[in-house]
Amino acid sequence: MPNLFAWVVPMAPLVGCIVCAVLSFRGDRKIAHFPAILSLLFAALSSLCLVFFGGQGESGTTTYEGYRYLHVGGLTLDISLKIDTLCLTLLCVVTCISAMIAIYSKDYMHDDPGYARYFSVFCGFVFCMTMLVLSHNLLMMYAFWEGVGTCSYLLIGFWFRKPSAARAATKAFLVNRIADCGFLFGILLLGYAMGQVAGQASDSFFARLNFDNIFTSLPALASQHPDLLVWISLLLMIGAIGKSAQFPFHVWLPDAMEGPTPVSALIHAATMVTAGVYLMARLSPLMEYTPWVLSVVGWLGGITAFIAALMALFQDDLKRVLAYSTVSQLGYLFMALSAGSVKGFMALAVTAAMFHLVTHAFFKALLFLAAGNVMHAMGDVIDMRKFSGLKRVLPKTNLLFLVGAAALAGIPLLSGFFSKDGILAVLYDASADGEYGFQFKVLLGIGFLTAFMTAVYTSKAYFRTFHGTERIPEEAGHHAHESTNVMLAPMALLAVGALVVGGALGPTHILADYLGKSPTLVPHGEHHESLLIMIASGIVGIAGCAVGFMLSKAQPSTRTDGAMAAIADFGKNRLYIDWAYSRFIVLPLEFLAGVLGWLDTNLVDAFVMKIADLPRLAGLLGQRYQNGRVPAYTFVTAVGVAAVAIWIVSR
Amino acid sequence: MTPAIVLILGGSVLLAASMVLKGGPQRDVYGQRNAMGLLSIFLLILAGACGFFRELPADLGNGLFRFDDSALASERLALLGGFLLVLISWSTAPKNFLGEYYGCLIIMLGAIPVVGASNDLVSLFLGLELISIPTYIMLGICKNDNPGAEATIKYFLLSAFASSFFLMGLSYLYGVSGSTNLQLIHEALGFEGGKLTMLAIMLVLCGLAFRITAVPFHFYAPDVFEGTSLTMAGAMSYLPKVAGFVAMIRILGPDMSPSAMSAVVPVLLVCAGLTMVIGNFMASAQNNLRRLLAYSSVAHTGYLLLAITALLRDNAEPNVLFSYLAAYAAMTLGFFACLGEIEAAGGRTHLVGDLSGMFYRRPAASIGLTVCLISLIGLPLTAGFWAKFMVFMGASAAGMTDPMSIFMAVLMAFNAVIAAGYYWRVMSKLFEKSDANVPLRVFRPSLFLAYTICVVLTLVWFFVPAVM
């Protein structure tokens, strides 16, 4: 039975994707939401069933055999699914939230000409994401890693006639490609290194990269090729931070907000961007051998969390505030993961990261959908300078946004509070370590500072949007109205999640125990609840909200004095990182491309095009012998047979 | 043997019925069409069911026929091609000769398992002739004009010419070994035999080379394809190829000695290389769609010959070959079905240029053509990719010990590029803007069904190549 459920999870969205793709060719496109929502509900139900019926099996991890995709020569490709509690956790988040957002999209996208296309790619994304999570093999995971990237590209550029959307899609794709290069090289290097380990060399390259094989041969690998292992995990890490939009790859995520808002909620907040965290968590046994790489991860996460929060403070675009906030929160996850560099902390680190991943998925998806409601009502205007005081126009959205914002800001007893506290507590514990202690002291400081800034920008955005004098932009027309119930209902469910998931899973240790069933995440040490940290983070959250409230009241003109203005300018311009990239990386590359392009047209092509004519010319020559006369044919045939006969006789 | 018997007997009944059914000018052509089509489908299903529910003895024996894996594979390939061809023929079969047409087609299909299971020179030759003779008749009735007659005569003469080599080879084999049973021949000679045995094998292969349109027996293909109807061209690009390759596997046998291999393999490799190169070069110079397809079929024979050499060396299961043939059936017959639908709807398919802007006039068929072309090129997401990939892998694996084989594998890669050139030209024509933009609206369900099946198979086999 679990076998069936396991396969339904990815296959149902695939069917939905194909059906919607077919529907997009038909005239009647308005029913495309039906197969999509149905298939996603199926997937969500199946993944919940897997959790309740223990899909991970007795030993904590089970591989569900699929089918032998290919067997040619030395190449064997088996498609199977590997299920343990780690992957089930993410699987439930992905399928449940995607089902909610699909329902929300039904009304949000209702008069879009690409309605069926939207749902088709949406389902395609869920298929790729679930397969990514369920992959039993690193190479297969990579294939679906690229698959989610492609779907993300298609959805960011959904309104491809808009130049900014097309540019954003390309940017996201290219930045991801750069990071994926690292991932791919890491995989290839790992496959090569596995071939050097006794007992694995006989397997085909693909089979060597099965997670189970990797985990069993890690000790041998670590003793034989310790240097190689560092390179491998460094390269794999580059892939992870690219997908999860960490510094220096964070530039693509804010631009990705050009896509439809539900897509931003699903792909660029709740699921796809967490794939990097999942990769690190999945490969945690490998990472344990390379604490140095984990500490690099921690620094990058810390930098990202801080600068993204700084940038979020000075954005006027509501969706961009949320986007930078996502980048910042993902930085938190990586900070948490880096605590694994301390001996025996890996399981705790992964648990803390996964916990925040789950709660973040709920409240960030909720916030994005609420922003979508605002955008919907305001006639696609999302600039906070153009509207304010919407609490009368959008009363329910106001409430839902408040719940999400409070959870994100870390107001005590909401989801975000518990999970953020979990991360800070792990960092605090890790800072007692001798070797890496200093790092975690710094990271803990960054964590608190970022938590404060998070509360500031979240509450600032909330008060700017929903409170103050009521202003509605012209684009909204006269019908600025609350969204339909079809849109509000899934948001209400997400809001419940944002309220209680943290309290239900965190302090009760449910998630920690559940993840502990996975053989790679068996906890070693005892985790101490730190009341001090908890109180401190609560105070920071509330204080941040108060500051945010005051800032939202402040007139922009009061911030003209020297230092503050400089910081604001810095933040508004995204710390000039995008500017530096386009000046120092893109521009030289474009110059090089120009030179190579000239060489290509004038030297290479001039030559190659002539060669391309050769077959045609040879064919024209050959046509002289194809003259339609049977005697000519038989003559050539006879000559051929004679040649063979002579060769046989004379050898 | 039941499926073959069902098909051959059923085909004969259809032939006999055609004498009775011939009516006056007012006869109900469509009623007959549907009746004949349904009857043929029924026969194919019956044959398939017989094959499916048959229990094979554990000991294959040494009689006239042997049901090993390649026999069963040839049966499946015949049925696959049969279904598609009957569907394509439904609206394109010559209306004055319906009974003869379907009768001959079914007999041809029945003859392929006969060849595939043959364990005796006599049954092998009978099976091959049982394919050839209906082909003559069908060529004659499919197009009743001068080019049609020319194609028929040409095919008849050249086929007889090739059969003479084949028979001469068989008689030498019998003379050297003293038996017509293939097992006994293999045992008696062990293929260690001297030059006479090798010469005999070569002559037999020459005879088969005609069926599979290998160079230098390929000359008839473009002329015949151009002279006959689309459906018949489709049948001729597929059915004789299956029979020829299965017969080749039969004759060359599962275990050849190294000395025999050193004689046979180089000849096959050279033949494969020439077939690929000449097929593709000639095709890239073609503007006539039929002739282009004929040369493309020649080129695919080259790849298949490469697969045969890989099989001979590795003693591997002949799956590579049969997978390729299955993929080839889907893509080629699908291509012909799409062209058939365009023709049935009133479009022209004579020159490549005739397809210009077809996507805007007949979108469904054009998408079908595109998928088939992608598969013919051998790009991923289609069965054609795995087909070519497996042949390439097989050839290059065998080539580790033999530079010539690796050279041929590389040559195959080059040829795939050349082929992509002319297939792509056809594909780009479909989507270009043209002056002729009257939509073609006549709908033929049978043809639509035929190419839908082909497209679905082509796509599904990419994801599940194990069932190919």
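The values are calculated or read from the model by the stated rules, or taken from the named source; none is laboratory data. None of the values given here were measured: they were computed from a predicted structure. Neighbour counts run over all protein chains shown; Cβ positions are idealised from the backbone, glycine included.
Values computed for the structure shown
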item: Whichever residue in segment B:372-385 is within 14 Å of chain A (Cβ to nearest Cβ) and at pLDDT 90 or above and, among such residues, is nearest to B:Ser284 (Cα to Cα); result: B:Phe385
item: Residue within segment B:111-133 that is within 14 Å of chain A (Cβ to nearest Cβ), of a type in the set (Val, Ile, Thr) and at negative phi present; result: no
item: Matching option when the condition is among the small types (Gly, Ala, Ser) and under 28 Å from A:Thr61 (Cα atoms), among A:Ala245, A:Ala265, A:Ala256, A:Ala281; result: A:Ala281
item: Close pairs (7 angstrom Cβ cut-off, 6 or more residues apart or separate chains): aromatic (Phe, Trp, Tyr) in segment A:214-232, at pLDDT 85 or above and in a loop (DSSP other than H, G, I, E, B) anywhere; result: none
item: Scope segment A:582-632; condition part of a helix (DSSP H, G or I) and hydroxyl-bearing (Ser, Thr, Tyr); matching residues; result: A:Ser582, A:Thr601
item: Breaking point among (1) closer than 16 Å to A:Ser135 by Cα; (2) within 14 Å of another protein chain (Cβ to nearest Cβ), for A:Val15; result: (1)
item: Residues (within 25 Å of A:Thr397 (Cα to Cα) and in contact (Cβ under 8 Å) with a residue 60 or more places away in the chain) located in segment A:496-516; result: A:Gly497, A:Ala498, A:Leu499, A:Val500, A:Val501, A:Gly502, A:Gly503
item: Tally of residues being under 15 Å from B:Val417 (Cβ atoms) and over 19 Å from the mean Cα position of the chain (by Cα) across segment B:375-388; result: 1
item: Criterion: of a type in the set (S, T, N, Q), in contact with a Lys or Arg (Cβ under 9 Å, 6 or more places away or on another chain) and within 13 Å of chain A (Cβ to nearest Cβ) - qualifying residue of B:Thr197, B:Thr228, B:Thr213; result: B:Thr213
item: Pick from segment A:562-589, criterion surrounded by fewer than 12 Cβ atoms within 10 Å (Cβ to Cβ) and over 30 Å from A:Tyr457 (Cα atoms), ranking: nearest to the chain's Cα centre (by Cα); result: A:Ile585
item: Test: residue in segment B:234-247 that is within 14 Å of another protein chain (Cβ to nearest Cβ) and not aromatic (Phe, Trp, Tyr); result: no
item: Residue in segment A:338-351 that is out of contact with any Leu (no Cβ under 6 Å at 6 or more places or on another chain) and either within 25 Å of A:Gly149 (Cα to Cα) or not assigned by TED's automatic domain parsing to the domain that holds A:Ser518 (or both) present; result: no
item: Scope segment B:154-208; condition over 18 Å from B:Phe245 (Cα atoms) and of a type in the set (Ser, Thr, Tyr); matching residues; result: B:Tyr155, B:Ser164, B:Ser171, B:Tyr172, B:Tyr174, B:Ser177, B:Ser179, B:Thr180, B:Thr197
item: For B:Thr213: the one exception among (1) of a type in the set (Ser, Thr, Tyr); (2) assigned to a helix (DSSP H, G or I); (3) more than 27 Å from B:Gly194 (Cβ to Cβ); result: (2)
item: Segment B:324-357, subset surrounded by 23 or more Cβ atoms within 10 Å (Cβ to Cβ) and of a type in the set (Ser, Thr, Tyr), residue farthest from B:Gly368 (Cα to Cα); result: B:Tyr324
item: Residue list for segment A:347-385, restricted to those being out of contact with any Lys or Arg (no Cβ under 7 Å at 6 or more places or on another chain) and not hydrophobic (A, V, I, L, M, F, W, C); result: A:Thr351, A:Thr359, A:His360, A:Lys364, A:Gly372, A:Asn373, A:His376, A:Gly379, A:Asp380, A:Asp383, A:Arg385
item: Test: residue in segment B:448-461 that is assigned to a helix (DSSP H, G or I), within 14 Å of another protein chain (Cβ to nearest Cβ) and surrounded by fewer than 12 Cβ atoms within 10 Å (Cβ to Cβ); result: no
item: Any hit, segment B:356-363, residues being within 11 Å of chain A (Cβ to nearest Cβ), of a type outside the set (Val, Ile, Thr) and closer than 26 Å to B:Phe281 by Cα; result: no
item: Positions within segment A:45-76 being within 11 Å of chain B (Cβ to nearest Cβ), surrounded by 14 or more Cβ atoms within 10 Å (Cβ to Cβ) and assigned to a loop (DSSP other than H, G, I, E, B), in sequence order; result: A:Gly73
item: Subset of segment A:597-627 (residues that are at the interface with another protein chain (Cβ under 9 Å from one of its Cβ atoms) and not polar (S, T, N, Q)); result: A:Ala612, A:Leu614, A:Pro615, A:Arg616, A:Leu617, A:Ala618, A:Gly619, A:Leu620, A:Leu621, A:Gly622, A:Tyr625
item: Test: residue in segment B:386-401 that is more than 12 Å from every other protein chain (Cβ to nearest Cβ), surrounded by 22 or more Cβ atoms within 10 Å (Cβ to Cβ) and either under 20 Å from B:Val352 (Cα atoms) or among the aromatic types (Phe, Trp, Tyr) (or both); result: no
item: Some residue of segment A:628-643 being surrounded by 13 or more Cβ atoms within 10 Å (Cβ to Cβ), more than 22 Å from B:Phe161 (Cα to Cα) and facing chain B (nearest Cβ under 9 Å); result: no
item: Single residue of segment B:28-52 satisfying the filter (within 19 Å of B:Arg76 (Cα to Cα) and within 22 Å of the chain's Cα centre (by Cα)) that is modelled with the lowest pLDDT; result: B:Gly51
item: Residue within segment A:93-109 that is of a type outside the set (Val, Ile, Thr) and not in a helix (DSSP H, G or I) present; result: yes
item: Yes/no for B:Ala330 being under 30 Å from B:Phe392 (Cβ atoms), in contact with a helix residue (DSSP H, G or I) (Cβ under 9 Å, 6 or more places away or on another chain) and not hydroxyl-bearing (Ser, Thr, Tyr); result: yes
item: Condition met for A:Val381 (at pLDDT below 85 and under 26 Å from A:Asp107 (Cα atoms)); result: yes
item: Entirely in segment A:235-348, the helices (runs of 4 or more DSSP H) that have 2 or more residues that are in contact (Cβ under 8 Å) with a residue 12 or more places away in the chain and touching a Pro at 6+ places or on another chain (Cβ under 6 Å); result: A:318-338
